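**Student:** Take this structure first; my questions come after.
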Amino acid sequence: MERLLKFIFEYRAFFTFLLLELLCAWMLIENNQYQSTRYFNTSNKLAANIISTSQSIKEYFSLRDINSELANENAALRKKLEQRNQILYSLELNQIKDPTIVNRFDFISAKVINNSTQLYKNFITINRGKAYGVEPGMAVISNEGAVGKVKSVSEHYSVIISLLNIDDQVSSKIKRTGHFGTVQWDGSDSKLIDLKYIPRHVMPLVGDTVVTSGFNAVFPDGIMIGIIKKVKLSEEAPFYQLKVELSQDFGKLSFVEVVKSNLKVEQDSLEVKTKGIPK
């Protein structure tokens, strides 16, 4: 305290001058309309800039929560869309609106916390596990299209086998013609995947849309996979060689939705009982 008082005493002339300058500025602003208007306009602009910068900083640090909320909202909206599609499909067939059919799929939003795209067998890790109802075998999609299937789960995490995995196959179809095939990655280009088993009597075209078939009760019908970019048919080959450009850029994958099929167990049990095929 003594040092502070000594400092003020040594520089008393400067502090007196500063005080008088501030007093003069205040009196000038108070007694002159032009200076008063300029002062308040400038101070308001400065205050607005400070508030705007502060708000921008707050919004930046809240982006994680905002993205999580948007992912949850997308999952809810996707469920409503799927319910609407099931209702329309039932009406087309003059079927009764079975609530089990209408609520066939549930969607669990999740954030990608680890992802590989450069290996032959690529996997994705998300921050949802058993605690959220995620189980092995569930389909995983994004806003852009199909992503893969859940391979293994822990209490709070899951590992997904990506479409960019040479061991993964997904039942698919050409949307325009309705012909079914299977997509499987060949391990080369992370933007392209092969569509197999399209017979030679079909006429696939560059630009045709490829979607999930819905045959395996894992993926909902009609989930985007990609667009046909290359069409090749050898003279004696029974099937086309088709290259599909993936709709999902796996290098930019941030949020996904795990698809819970509420009828998969029933379908699998019936098929095992009837055909004797393993799950």
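**Student:** Mind checking which residues of region 129-155 are among the β-branched types (Val, Ile, Thr) and more than 26 Å from LEU192 (Cα to Cα)?
**Tutor:** Hits for region 129-155 are VAL134, VAL153.
**Student:** Next up: Out of all the residues in region 186-222, which are closer than 20 Å to PHE250 by Cβ, of a type in the set (D, E, K, R) and without any contact (Cβ under 8 Å) to a residue 40 or more places away in the chain?
**Tutor:** Across region 186-222, the qualifying residues are ASP186, ASP189.
**Student:** I've got another one for you. If a residue must be part of a helix (DSSP H, G or I) and either surrounded by 14 or more Cβ atoms within 10 Å (Cβ to Cβ) or free of Cβ contacts under 8 Å to residues at least 40 places away in the same chain (or both), how many such residues does region 223-279 contain?
**Tutor:** 13
**Student:** Still on this model: Considering only region 173-185, I want to know if a residue exists there that is in contact with a His (Cβ under 9 Å, 6 or more places away or on another chain) and touching a residue at least 40 places away in the same chain (Cβ under 8 Å).
**Tutor:** Among the residues of region 173-185, at least one is in contact with a His (Cβ under 9 Å, 6 or more places away or on another chain) and touching a residue at least 40 places away in the same chain (Cβ under 8 Å), which makes the answer yes.
Computed from the coordinates by the stated procedures, all read-outs in this text should not be read as laboratory data. Note that the coordinates shown come from a computational prediction; the quantities given were computed from them, not determined experimentally. Here the Cβ is made from the backbone with ideal geometry for all residues, glycine too, and neighbour counts use every protein chain on show.
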